[in-house]
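Here the structure comes first, spelled out in structure tokens, and everything after it is commentary.
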Amino acid sequence: MANLHSSGVLIFNVALPIPCYQLFDYLAPEGAQQVPLGSRVEVPFGPHKKIGYLVGISQSSSLPMTKLKPIVRLLDEQSLLSEHDLALLHWVSRYYHHPLGEVMSLAFPVLLRRQKNVLEPVESHYGLTELGRTLSPQTLLRAPKQYALLEKFQATPQALSCLLLSQWDKQWRVTIKSLLAKQFVQIVPAPMLEQLPNEIDVNEEVVCSSAQQVAIEAVCKSLGAFGVFLLEGVTGSGKTEVYMQIIRTVLQRGQQVLVLVPEITLTPQLESRFRQRFSVGIAISHSKLTDKQRCQAWLQIQQGHCAILLGTRSALFTPFKQLGLIILDEEHDASFKQQDACRFSARDVAVVRGKLLNVPVLLGSATPSLESLLNAITHRYGWLTLPERAGQAVAPELQLLDIRNKKMQEGLSELLLTEITQTLERKEQVLLFLNRRGFAPTLICHGCGWVARCLHCDANLVIHHHERRLRCHHCNQEQMLMSQCPCCHSKELTALGLGTERVENRLRHLFVDKTIVRLDRDSTQRKGTLEDYLAKINQGQVDIILGTQMLAKGHHFPQVTLVAILDVDSGLFSIDFHASERLAQLVVQVAGRAGRELKAGKVILQTRSPDHPLLTTLIRQGYHQFAKTALAERQQAYLPPYTYQAMLRAYAPDEMLVQSFLQSVCELAQSLNHRDTLILGPVPAPMARRTGFYHYQVLLQQTKRSVLQALLTQLIPKIATLKSNKTLRWSVDVDPVDFY
Ligand code: ADP
Ligand code: ZN
Ligand code: ZN
């Protein structure tokens, strides 16, 4: 709330959700002193109206009063954001050097960013009427569904949410309508957080291991204060169980929990485990939900009707009534870093949010990021480990398979095929990983050496055999697969390299009577397909699972006992220093899918570089030792996490324009650089031409974060005013996680 004298005209400083660093001044309405910061205001902007956010109230403006327009109207009497929420958004805007208005938008669901109408009521609950409470269900014997539902209501002390009801029966709405009509039940407001039932957890019989106990106690002791904990535990070691035990304690304190996962597809799994365990309201938020659903989830959390929010990166800024704990699962995952607009790291912002709110932050992973590991090693983070798999599951055995000079069938060595056959004979599942979709990455002419290239990118077109198409995986440009070379008209066109589609064809040919499922972006495009496949796999209806990245993301495949990574070499040689960390995480994550229950698993890595130190360290000594080695290398090379980086990127259709723009940026940076910040560039991006645009970049590197930040704070506003062509776009990426 602004503290101002009541005399004189007041001015609203408004942040608008546009890519522009400046704030806009408007004349405040009557009684403006009472308007809390963070409120949404509708303002005239050019010929249109826009919804912006009130971020300051002042008595003077750099513009003459006569030029100022009044706001159109005030949308919120009370700010929907707390002081802490606002502080967090300001921090994000400052640290990532992104316009405040766009950052503020991150905190609101689309409907509230756009629509002018005030908040919709939160999804209602249903409770018994006086009549319903005393009625014997027997009177409904002739309507079995109504009978059953009335019994359910009478057995539960609290009101039931639509969600719970829909779990009870898909057709619940029909039944509830009858009960409403008979006035046995009524619509009631959802219970508030303070009125949550005492019985929070149901179905709990787990006896925690001593390592789990230690982790649970460490975090629980820290509730009510800031602290970051790294929970390092191999896949299947019981991390989720640890989360749930801690969540229970937070709920008992009457507080809410934010749980972030890297992938939408991981939410259903966790959601169902949480729902089995907790009877509190659980809200879900990710980009595949409708705007309305997301708005609902937002309101339920903001108003305190739901106690748990489970979501992806974008859920991070949701305002909470009473947040008590933040959990980030699979914290190493690069999806936590937003790669466009405001390039924030959900992991790092979560830590800042925890600090502002004085609540603990729990980061979990089997393969922690080097950043978090270093923080744990240097005691900035509490370090909790779960060394063993939970229950009786045994860790899989990793094995390098040297395929140099070996006979191969579409990427499958004879030895691997034998292993597959034996596994299938035992009626167990096989999982094969290849990180390239499509049939083959290159189409080449045997006659003249012509290669099918994308017209708009520095990339080959990928063959999609089944659809008979060539497609660019960078700009999605596509064309028919030709049967003749466009240059020399030879008919001998050859597909070079391997994609999942090609391996799938071979597998179908070799294992005719087996069920094979391919999981990649192409095969799971239709909504619900992935879920269907996952269900089939879990019911044991699938023999061989073949897929890309998707497989590495935390799904449980309990019946898989053989995992093979067909081509690890493709990840070994990269110009981006992050690549080796990614590869090690990928190998361990994919390996972790095997043998999660009682059967021992085997993991085979096909390679032509069996002596590569990264692979041998990883196989013989595990991820942890690999990470230590990698950290030592980073320290020697002055790379993050021992130094701090920011990447300035620009692109335009005209290559010269991009170069000269970034050249000026470099000169500007040099002129402001008084403290030995490394300024590297401009250089072309690893793939310079994409979708017809030329991409160039400048890398800034510093041993002190604060020095880098100070430089950026001076530099960015200056870049924003550099005269540039309209076709040129530029961006700043603080703590970049890849150099693409
Ligand atoms: P992670 O999240 O580390 O992959 P989970 O929490 O999913 O591990 O645990 C893996 C499996 O082990 C799950 O089926 C879980 O129910 C079970 N589990 C976890 N903790 C225990 C425990 N203390 N005793 C028995 N089973 C456990
Ligand atoms: Zn040719
Ligand atoms: Zn392209």
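Within the set SER209, SER161, SER237, the sole residue that is modelled with pLDDT of 90 or more and either within 16 Å of ligand 3 (Cβ to nearest atom) or surrounded by 18 or more Cβ atoms within 10 Å (Cβ to Cβ) (or both) turns out to be SER209.
Scanning region 436-479 for residues that are among the aliphatic types (A, V, I, L, M) and either away from ligand 3 (no atom under 16 Å from the Cβ) or touching a helix residue (DSSP H, G or I) at 6+ places or on another chain (Cβ under 9 Å) (or both) gives ALA440, ILE444, ILE463.
Is region 450-465 home to any residue that is assigned to a loop (DSSP other than H, G, I, E, B) and exposed (fewer than 13 other Cβ atoms within 10 Å of the Cβ)? Among the residues of region 450-465, at least one is assigned to a loop (DSSP other than H, G, I, E, B) and exposed (fewer than 13 other Cβ atoms within 10 Å of the Cβ), which makes the answer yes. Which pairs have Cβ atoms under 9 Å, sit 6 or more apart or on different chains, and link a residue in region 468-485 that is farther than 15 Å from ASP522 by Cβ to one that is aromatic (Phe, Trp, Tyr) and within 16 Å of ligand 2 (Cβ to nearest atom)? The qualifying pairs are CYS485/TRP450.
Taking the criterion of being within 16 Å of ligand 3 (Cβ to nearest atom) and either over 16 Å from PHE439 (Cβ atoms) or hydroxyl-bearing (Ser, Thr, Tyr) (or both), would at least one residue in region 532-553 satisfy it? Looking for residues that are within 16 Å of ligand 3 (Cβ to nearest atom) and either over 16 Å from PHE439 (Cβ atoms) or hydroxyl-bearing (Ser, Thr, Tyr) (or both), one finds none in region 532-553, hence no. Go through region 722-740 and give me each residue that's under 18 Å from SER93 (Cβ atoms) and either loosely packed, with under 15 Cβ neighbours inside 10 Å or out of contact with any Leu (no Cβ under 9 Å at 6 or more places or on another chain) (or both). Within region 722-740, just ASP735 meets the criteria.
Residues satisfying the criterion are present in region 699-706 (criterion: modelled with pLDDT of 95 or more and assigned to a loop (DSSP other than H, G, I, E, B)).
Filtering region 344-358 for residues that are in contact with a Ser or Thr (Cβ under 8 Å, 6 or more places away or on another chain) and either basic (Lys, Arg) or over 30 Å from VAL430 (Cβ atoms) (or both) leaves a non-empty set. Considering region 472-495, and only residues there that are away from ligand 2 (no atom under 16 Å from the Cβ) and exposed (fewer than 13 other Cβ atoms within 10 Å of the Cβ), the residue that is modelled with the highest pLDDT turns out to be MET480. Among the residues of region 707-740, those identified as out of contact with any helix residue (DSSP H, G or I) (no Cβ under 8 Å at 6 or more places or on another chain), more than 14 Å from ALA650 (Cβ to Cβ) and assigned to a helix (DSSP H, G or I) are VAL707, LEU708, ALA710, LEU712, PRO717, THR721. One residue stands out in region 131-158 among those that are basic (Lys, Arg) and over 22 Å from ARG277 (Cβ atoms): the one that is surrounded by the fewest Cβ atoms within 10 Å (Cβ to Cβ), namely ARG142.
Pull up region 328-348, narrow it to residues that are within 13 Å of the chain's Cα centre (by Cα) and of a type in the set (A, V, I, L, M), then point me to the one that is surrounded by the fewest Cβ atoms within 10 Å (Cβ to Cβ). Ranking the qualifying residues of region 328-348, first place goes to ALA334.
Reported count of residues in region 688-715, each being in contact (Cβ under 8 Å) with a residue 60 or more places away in the chain and either crowded, with 20+ Cβ neighbours inside 10 Å or under 30 Å from LEU461 (Cα atoms) (or both), is 7. In this structure, does HIS556 turn out to be in the same structural domain as LYS514 (by TED's automatic domain parsing) and either over 22 Å from THR607 (Cβ atoms) or in contact with a Cys (Cβ under 9 Å, 6 or more places away or on another chain) (or both)? Yes: the conditions hold for HIS556. Just to verify a result, which residue in region 422-449, among those that are closer than 29 Å to PRO653 by Cβ and of a type in the set (A, V, I, L, M), is surrounded by the most Cβ atoms within 10 Å (Cβ to Cβ)? Among them, the one singled out is LEU443.
Given the structure, is THR616 assigned to a helix (DSSP H, G or I), more than 30 Å from ARG705 (Cα to Cα), in contact with a Pro (Cβ under 9 Å, 6 or more places away or on another chain) and in contact (Cβ under 8 Å) with a residue 24 or more places away in the chain? So THR616 fits the description; yes. Taking helices (runs of 4 or more DSSP H) as the structural unit, those lying wholly within region 205-301 and holding at least 1 residues that are β-branched (Val, Ile, Thr) and over 25 Å from CYS162 (Cβ atoms) correspond to 210-222, 239-252.
Matching residues to (1) of a type outside the set (A, V, I, L, M); (2) outside the structural domain of LEU728 (by TED's automatic domain parsing):
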| site | (1), (2) |
| --- | --- |
| ALA591 | no, yes |
| ARG608 | yes, yes |
| PRO613 | yes, yes |
| THR617 | yes, yes |
| PHE626 | yes, yes |
| SER660 | yes, no |
| LEU678 | no, no |
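Among all positions in region 191-202, there is no residue which is of a type in the set (Val, Ile, Thr), closer than 27 Å to ASP85 by Cβ and either at pLDDT 90 or above or assigned by TED's automatic domain parsing to the domain that holds ILE327 (or both).
Filtering region 577-592 to residues that are in a loop (DSSP other than H, G, I, E, B) and either modelled with pLDDT of 85 or more or in contact with a strand residue (DSSP E or B) (Cβ under 6 Å, 6 or more places away or on another chain) (or both) leaves PHE577, HIS578.
The values are calculated or read from the model by the stated rules, or taken from the named source; none is laboratory data. None of these values were measured; they are calculated from a predicted model. So basically every Cβ, Gly included, is an ideal-geometry build from the backbone, and we count neighbours across all protein chains shown.
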